[in-house]
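See structure below.
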Amino acid sequence: MTDGVRSLTRRDFFRLAAVAGPASVVAACGWDGGAVLEPKLKAFSRINDWVGENILFSPKRMAKEFAVSARTVMQNFPTYSITYNRTGSFPAPDNLRDWSLEVGGLVRNPMRLSLQALETLPSLSYTVKHHCVEGWTAVGTWTGVPLSTVAALVDPKPESRYLRFDSFDSLYYNGWDLASAMHPQTILAYAYNDRPLMMSRGAPLRLYSPVKLGYKLTKYLTTMTFTEDRPGGYWEDQGYPWFGGV
């Protein structure tokens, strides 16, 4: 073994968690640490992201699936929306009939896809556990188009490394690394528990994957943009971990 170079051990992972963990916890509580601690917390968060993206994530690791009978009662599966928090009403596009998903950026074949067009593509359905950064979990069934299927249609350019997802929920947005977006269980979901998405669940289309925390699963999608530079995010810009893996 070359001097000064070694593999990460299990003890190393615990040490990293001890350092990076506080950034996630403090950010989730809505405090950035003030002018003194903020730079250190952001540095810890970057460590979290690097470990998650480069060491812990595996494109072959599948999240556990459950029987339909294990679904959480809908009333006990919380919903969340920035717009709802501000106004008491869930967001809606100006004209739902004219809604479409714009897919562009660093791609060779940019396109707009209506909900009907998305529903004609090969679909994937699974019953999985949803993980919220606040600590609660719930089980639900989600159905949609594998994101990799849409990516194949638009043909990303070689320099594309990330994806930005925008919504009509008070300009909510966030970014993903391309590997996570191409995970076999990452979908553009249009149904929940065998029914079309309701506005409270992110209709007409939302991003879903059981390998990410809930705040990464952008609802009310409007655009999906392939980029070379890493996008930020509504919560990520406030200190939440960018990678957000489970």
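The values are calculated or read from the model by the stated rules, or taken from the named source; none is laboratory data. This is a predicted model, so every value here is computed, not measured. Using ideal geometry, Cβ is built from the backbone for each residue, glycine included, and neighbour counts are taken over all protein chains shown. In case anyone asks, the SASA skips ligands and DNA or RNA and just uses the protein heavy atoms, side chains included. Shrake-Rupley method; radii C 1.70, N 1.55, O 1.52, S 1.80 Å.
Ignoring any ligand, DNA or RNA, what whole percent of the accessible area of segment 173-246 comes from carbon and sulfur when the probe is 1.4 angstrom? The value for segment 173-246 is 54 percent carbon and sulfur by accessible area. Tell me, what % of the accessible area of segment 121-165 is carbon and sulfur with a 1.4 angstrom probe? That fraction is 49 percent. Each residue was assigned an accessible area with a 1.4 Å probe, and for M74 the value is about 70 Å².
In this structure segment 168-245 gives 29 Å² per residue of accessible area when probed at 1.4 Å with all protein chains present. Overall, segment 140-246 carries a charge dipole of about 300 debye about its Cα centre when +1 sits on the Cβ of Lys and Arg and -1 on the Cβ of Asp and Glu, all other atoms neutral. For segment 158-246, the Cα gyration tensor yields ellipsoid semi-axes of 20, 14, 13 Å (square root of five times each eigenvalue, largest first, whole Å). Across segment 202-226, the residues whose backbone nitrogen lies under 14 Å from the label position 7 Å along the beta-carbon direction of E102 are 221-226.
Assuming charge only on the beta carbon of Lys and Arg (+1) and of Asp and Glu (-1), the dipole of segment 126-171 about its Cα centre is about 140 debye to the nearest 20. Of Y234, Y162, Y84, the order by accessible heavy-atom surface (1.4 Å probe, DNA, RNA and ligands excluded), from most exposed downward, is Y84, Y234, Y162.
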